[in-house]
Amino acid sequence: MTKDFLSTVKRRVVIFDGGMGSMLIAAGLTQREVPEAWVLGKSEKIAEVHAAYLAAGAQVVTTATFGASRLKLQSSEAGKRLDPEKVNEKAVEIASAAVQHSGKHDRFIAGDIGPTGLFFPPVGQLKAEEARAAFKEQAKALDRGGVDMFIIETMYDIREAVEALRAVKEVSGLPAVATLTFDKKPRGFFTMMGDAPEDAIEALLKEGASVVGANCTLQSGDMIALAEEFRLLSDAPLIFQPNAGRPVMEHGMAVYKQRPQDFAQDAVRIVAAGASAVGGCCGTTPDFIREVHSALIHGK
Amino acid sequence: MQAFLDSCAKAVLEGDADKAEKLAREAFDKKYPLLEVIEKGFVEGIREVGRLWEEGILFLPELVMGAEAMKRAMGVLHPALAKGGDRPKSLGHVVIGTIEGDIHDIGKTLVATMLAANGFEITDLGADVPALRFVDEAEKKGAGCIAISALLTTTMSGQKRVVEELKKRSLRGTVKIMVGGAPCSEEWAREIGADGYAGDAIAAVSLAQRLIGAR
């Protein structure tokens, strides 16, 4: 049986998992390390996070490959030592094993592709072909590893999201979810580069994204308003993955204070606004996904 | 003259670096009062860029382009002024850098560029700068302010070390400290005894003006 994410998300609301990076930091990942190093060196820690999200009711498991493109890895000392292909393939293997283990064989594995961290002109010198090549290498390895779908996320520049989508489409026929990260400005929601939701939706759908939406930066309350705006602009399946509120600093550590129940209530409103999929981003944990699951499935 | 000043402001606002440089040369060739050209022309432009950024009308690309245009114009006008023995009015000297262990450069560089564009003298130490080096440089340059960027929760404690080192050298009274970067906040600035926090490059300019700007 091949798993068809597209027909599923058109039929019913799909619950994605929550934050991976913040979970690994809680498990002891230091700022001198990168999560991708744990994929190769401490795979059991990644597996534990996947298992916890699966048990909480996540229907999609996102691979720990957010920063596993060659360009992103090369930007840090810890990342430089890692082989992008190995990291991506291994991450899919870990996610697959977690799904196997859970006995929930209908769960999807989404190959995660995050931004390179570099900027296109005029802010930086990133070239479209450079970005495409790095994403293509990553997408190929994820595809080879056996993902069911792709999720391109947290993009702050439409141009980079487009290059990632093109790369995915060049190497695979699997469906792709694509999200940008928007901030709330006095005149509405915009990415750091000034991209508006309508431009994002149009560009991402044109490049073949099956599901579009937003993640990170915003807390769940603000994400409701953004979901409503997206719904007015498009009939496409939509996804939103907010953060667990705004982080506050406590003893030099970033702490997310939102309660899982409150996040879940907002997730219900995001779905009511028209989202086909919801999940969490920074600071969310399996508790958040459990609450979302129970609020959406059991209506409590 | 006003039309010329307006076109200087416009070149910066539109992020047209070639035009800004050309106008700066024209001002020099035609012996216009250069300080006035800077203050009432180019600086007006960068102020407008800042205002529109705060209103959410301009974004990062426009901010970077406006700052670049400003930099190109000043690249012509500064040496010209120095040659004439006429020093451009400096609002003060700021030593800026990203703290040790932290390689994030973009935000810090943007703050440095905007501060320079608004009339501050800048010593940019780059990224991964040890706490002691901030203080050494500030002492050497007689800087009125140190601006420290930290993008990681694990490196931000380095900002505190700069404050402590200044105290140790009894410079805390003469050198102000401003902090910035994703994990920082007003509370954090207070907690470590810094003089202020700025959330973006535009806020950093207002803060620096408040802390050491003479105007």
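Rounded to a whole number, what is D in µm²/s for the stretch B:2-83 from Stokes-Einstein with the Kirkwood radius over alpha-carbon pairs (10 °C, 1.306 mPa s)?
130
Taking the convex hull of the alpha carbon atoms in the stretch B:126-215, what volume per residue do you get, in Å³? Could the numbers behind the result be given before it?
Numbers: hull volume 8.3 nm³, N = 90.
Here the figure is 93 Å³ per residue.
To the nearest 20 debye, what charge dipole does the stretch B:93-211 have about its Cα centre, counting +1 at the Cβ of each Lys and Arg and -1 at the Cβ of each Asp and Glu? List each step's numbers first, then the result.
Values: 13 positive and 16 negative charges, 85 e Å.
So the magnitude is around 400 debye.
Write down Rg/Rh for the stretch A:38-89, rounded to two decimals, with Rg from the C-alpha atoms and Rh from the Kirkwood relation over Cα pairs.
Ratio of gyration radius to Kirkwood radius: 1.04.
Under a point-charge model restricted to the Cβ atoms of Lys and Arg (+1) and Asp and Glu (-1), what is the dipole moment magnitude of the stretch A:87-228 relative to its Cα centre, in debye to the nearest 20? Walk me through the numbers on the way to the answer.
On the way: 15 positive and 22 negative charges, 30 e Å.
Taking the Cα centre of the stretch A:87-228 as origin, the dipole is about 140 debye.
Please name whichever of A:Ala133, A:Val92, A:Leu226 sits farthest to the positive end of the charge dipole of chain A, dipole taken about the Cα centre and charges placed at Cβ: Lys and Arg +1, Asp and Glu -1.
The Cα lying farthest towards the positive end belongs to A:Val92.
With the cut-off at 23 Å, tell me which of the pairs B:Lys141/B:Lys176; A:Lys80/A:Lys257; A:Lys90/A:Lys136; A:Lys140/A:Lys206; A:Lys42/A:Lys72; B:Lys140/B:Lys168 have Cα atoms farther apart than that.
The pairs that break the limit, which is 23 Å between Cα atoms, are A:Lys80/A:Lys257.
Could you list the GluC sites (Glu not before Pro) in the stretch B:54-122 that lie in coil according to DSSP, counting only those with at most 13 other Cβ atoms within 10 Å of their Cβ?
B:Glu55
Could you work out Rg/(2.2 N^0.38 Å) for the stretch A:144-289, with Rg from alpha carbons only? List each step's numbers first, then the result.
On the way: Rg = 15.2 Å, N = 146, 2.2 N^0.38 = 14.6 Å.
Dividing the Cα Rg of the stretch A:144-289 by 2.2 N^0.38 Å gives 1.04.
Per residue of chain A, what 222 nm ellipticity follows from adding -39500 (n - 2.57) for every DSSP H run with n ≥ 4, rounded to the nearest 500?
Counting only the DSSP helices, I get -14500 deg cm²/dmol.
For chain B, find the longest principal axis of its Cα atoms and tell me its angle to the long axis of helix B:157-168, 0 to 90°, nearest 10.
90
Considering the Cα trace of the stretch A:49-186, what is its radius of gyration and what is Dmax, both in angstroms?
Values for the stretch A:49-186 (Cα only, Rg and Dmax): 15.1, 49 Å.
What is the percent of Cα-Cα separations in the stretch A:205-300 that go past 18 Å?
That tail contains 44 percent of the Cα-Cα pairs.
Over its Cα atoms, what ratio of radius of gyration to 2.2 N^0.38 Å does the stretch A:1-92 give?
Compared with the compact-globule rule of thumb, the stretch A:1-92 sits at 1.19.
Could you tell me which of B:Cys145, B:Thr174, A:Thr217 has its Cα farthest along the dipole of the protein assembly as shown towards the positive end, charges placed at Cβ (Lys, Arg +1; Asp, Glu -1), taken about the Cα centre?
B:Thr174
Angle check, please: helix B:60-83 long axis (alpha carbons) against the longest principal axis of chain B (alpha carbons), in degrees 0 to 90, nearest 10.
70
Between A:Ala55 and B:Arg169, what is the label-point separation in nm under the 7 Å Cα-to-beta-carbon projection?
Distance between the two pseudo-spin positions: 5.4 nm.
Specify the inter-centroid distance of the stretch B:30-85 and the stretch A:56-70, based on alpha-carbon positions, in whole Å.
45
For the stretch B:63-167, take the convex hull of the Cα atoms, compute a quarter of its surface area, and give me that in nm², please.
Its average projected convex-hull area is 6.9 nm².
Expressed as cubic angstrom per residue, what is the convex hull volume of the alpha carbon set of the stretch A:122-224? Write out the running numbers ahead of the final one.
Working: hull volume 10.8 nm³, N = 103.
Taking only Cα atoms, the stretch A:122-224 has a hull volume of 105 Å³ per residue.
Could you bin all the Cα-Cα distances of chain A into 20 Å bins starting at 0 and give me the percent of pairs in each, rounded to whole numbers?
Computed distribution, short to long bins: 37, 61, 2.
Compute the helix-to-body angle for B:43-54: its Cα long axis versus the longest principal axis of chain B, expressed 0 to 90° and rounded to tens.
The angle comes out near 50 degrees.
From the square roots a ≥ b ≥ c of the eigenvalues of the alpha-carbon gyration tensor of the stretch B:118-171, which class results: rounded (a/c under 1.5), prolate (a/b over b/c), or oblate?
Oblate.
For chain B, what is the largest minus smallest coordinate of the Cα atoms on each principal axis, given in angstrom and ordered from greatest to least?
Principal axes ranked by extent give 51, 38, 27 Å for the Cα atoms.
Quick one: among A:Ala214, A:Ala178, A:Ala273, which has the greatest mean-square fluctuation in a GNM of chain A with alpha-carbon springs under 10 angstrom?
Checking each option, the largest mean-square fluctuation is seen for A:Ala273.
Averaged over its residues, how many other protein chain Cβ atoms are within 10 Å of peptide B:56-69's Cβ atoms?
Other-chain Cβ atoms within 10 Å of each residue's Cβ, averaged: 4.
Round to a whole angstrom and tell me the spacing of the C-alpha centers of the stretch A:86-163 and the stretch B:110-171.
Each part's Cα centre sits 37 Å from the other's.
Return a whole-number percent for the relative contact order of chain B, with Cα pairs under 8 Å and 6 or more residues apart as the contact set.
18
Can you give me the orientation-averaged projected area of the convex hull built on the Cα atoms of the stretch A:179-253, in nm²?
5.7
Any idea what Rg and Dmax come out to for the protein assembly as shown if you just take the C-alpha atoms, in Å?
Taking only Cα atoms of the protein assembly as shown, I get Rg and Dmax of 24.6, 81 Å.
Can you give the charge dipole size of chain A about its Cα centre, rounded to the nearest 20 debye, using +1 on the beta carbon of Lys and Arg and -1 on the beta carbon of Asp and Glu?
The dipole magnitude comes to about 300 debye.
Every read-out reported here was derived from the displayed coordinates using simple, explicitly stated rules and does not represent laboratory data. All figures in this text were calculated on a predicted structure; none of them were measured in a lab. Don't worry about glycine lacking a Cβ; one is built from the backbone with ideal geometry, like all the others, and counts go over all protein chains shown.
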